[in-house]
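Report on the structure given below.
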Amino acid sequence: MTGPVLAIDQGTSGTKALVVCSGRGVLGAGSAPVTVRQLAGSRAEADPEELYASVLAAGRQALAAAGEPVAAVGLANQGETVLAWDPATGEPLTDAIVWHDKRAETVCAGLAARAGELRRLTGLPLDPYFAAPKMAWIRRHLTTEGVVTTTDSWLVHRLTGAFVTDAATAGRTQLLDLDEVAWSPAALDAFGLGGERLPEIVDAGCHAGTTAAFGPPLPLTGLLVDQQAALLALRVTEPGTAKCTYGTGAFLLAATGDRPRRSEQGLVSCVAWRLAGRASYCLDGQVYAAASAVAWLAGLGVISGARDLDRVGSSVADSGGVTFVPALAGLAAPWWRADARGSLTGLGLDTGPGHLVRALCEGIAAQVAEAADAATRDLGTPLDTLRVDGGLTRSALLMQAQADLSQRPVEVSAVPDATALGVAATARLGLDPSLTVEEAVPAWRPATVHEPRIGPAEAEERRARFREAVDALPQRPAVAP
């Protein structure tokens, strides 16, 4: 049995850290905010030094709260956020371009003829969401110096001096051969990145290096991209179950086993994790705006924040005919419309804050339900339940909308921060390779289960209205280079 580990989840709007013991659960927690600058032209940036400082602050806070030493560190990351940096000094050469930034639309447009080839090779559709288009944009417009990577490689380098990335994060770049789990020369050539120095691809449970950033030297033994870490923590390891994490965006993942399954329904095919040299795979459906859409509504003064969703939404019986497509950062699976903008339709003089809140909850839930049904068709087997985590799972109104529109039970995680629990499990596996996944991952016990309260006909009617609203969204001009 390994000792407690420090698990750090470096996310879009902040970093969370937990000290986790396999026998005693969470012993301490810490957090630190991160500022994302939302800029004109659907651009989003963060200060890399603030990302690193948040990792240190959250980790040290969790350790102080636990009040006892840990055996290792695990780190989860945002996945598709990238920057250029100097490998000799560790200094950033650019700001971090955040995952939902759309500036690389021009790169994707220039590669349209190779979109099918890239999708077959990497499992990913050609979209500015992924890392490679952003990396290519940086090389064309900002700097040719240093290396250009996802943020995990930079953070690990700052912590340990190593130059690595885990297989699942590498799979978010569109530069990974999905079958070989190795960098693809063809994909690198397509994006004009053939001469780049890329990090070594390692297992999720590994020994990446040693860090003294949190006190006495500690091995860094767990690395995994955020959504796959949550997938592991919620024990979605076999086909037939899916999970959705509700953070800045909402991300539905369904396990497909030890072979990649190319989606025919608009989902992403990707590596779930690689452990002991063996890769597991999953299907992935993305909702770009979840908590960020709630924050947008709060910014208009409709609510004060996510804690108001249930109070304000429960003031009315339904959405009053209002349909909200919260495509505030574009639409991902299964539509893949980076150009999309959000819409509110069905407004009247009788529309109030409660109707807008309910419409937003239904808009988020409808997108997740579309992704879940797409996964069902790809897998050829029903998804019997949906396991969920993330801050927005505290909203019973949203979770009930999810159960109603997906027509599946929604099992809510007892710990909202499943990503940190998942990377804690990988840290244990890296520390003690004799452990099995079942031994390293906490037992699954939902805190609450939401059952559907409406029938299939009503659910389909509501989702059909949502799909009609999506189909009516106008085309947006491409962003400038």
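Readers should treat all values here as calculations from the given coordinates under stated rules, not as data from a laboratory. Please read all numbers here as calculations on a predicted model, not as lab measurements. Positions of Cβ are generated from backbone atoms using ideal geometry, with glycine treated the same way; all protein chains shown enter the neighbour counts.
Shown in residue order for segment 445-452 are the 3J(HN,Hα) couplings computed by the Karplus curve 6.51 cos²θ - 1.76 cosθ + 1.60 at θ = phi - 60°: 9, x, 7, 8, 10, 9, 9, x Hz (x for Gly and Pro). The listed peptides 217-224, 438-445, 455-462, ordered by packing as a protection proxy, come out as 217-224, 438-445, 455-462 (highest mean of other Cβ atoms within 10 Å first).
To check you understand DSSP bridge types, tell me what percent of the beta bridges within the chain (both residues inside) are antiparallel, rounded to 5. So the antiparallel bridges in the chain amount to around 70 percent. Normalised by the number of residues in the chain, the mean separation of alpha-carbon contacts (under 8 Å, six or more apart) gives a relative contact order of 15 percent. Helices in the chain, meaning DSSP H runs of at least 4 residues, each add -39500 (n - 2.57). Divided by all residues, the mean residue ellipticity at 222 nm is -10000 deg cm²/dmol. Taking one equal scatterer on every alpha-carbon of segment 1-61, how large is log10 of I(q)/I(0) by Debye at q = 0.14, 0.15, 0.20, 0.29 1/Å? Here the Debye-derived log intensity ratios amount to -0.46, -0.50, -0.72, -1.08. Checking (i) 1.04; (ii) 0.95; (iii) 1.25 against the coordinates, the calculated Rg/Rh (Cα atoms, Kirkwood Rh) falls under label (ii). Shape class for segment 219-295: oblate, because the ratio a/c of the largest to smallest gyration tensor axis (alpha-carbon atoms, square roots of eigenvalues) is 1.5 or more and b/c is at least a/b. Identify all lysines with a Cα-Cα distance to Lys243 below 17 Å; exclude those on the same chain that are fewer than 8 residues away in sequence. Partners within reach: none.
Under 5 Å between amide hydrogens, built in the peptide plane, is the criterion, and for Gly209 it picks out Leu220 among residues at least 5 positions away or on other chains.
When peptides 355-365, 420-430 are ranked by their average number of other Cβ atoms within 10 Å per residue, the highest-first order is 420-430, 355-365.
Loop-resident trypsin sites (Lys or Arg not before Pro) (DSSP state other than H, G, I, E or B) in segment 145-208 with no more than 14 further Cβ atoms inside 10 Å of their Cβ: Arg197. Of the residues Leu347, Leu198, the one with the fewest other Cβ atoms within 10 Å heads the list, and the complete ranking is Leu347, Leu198.
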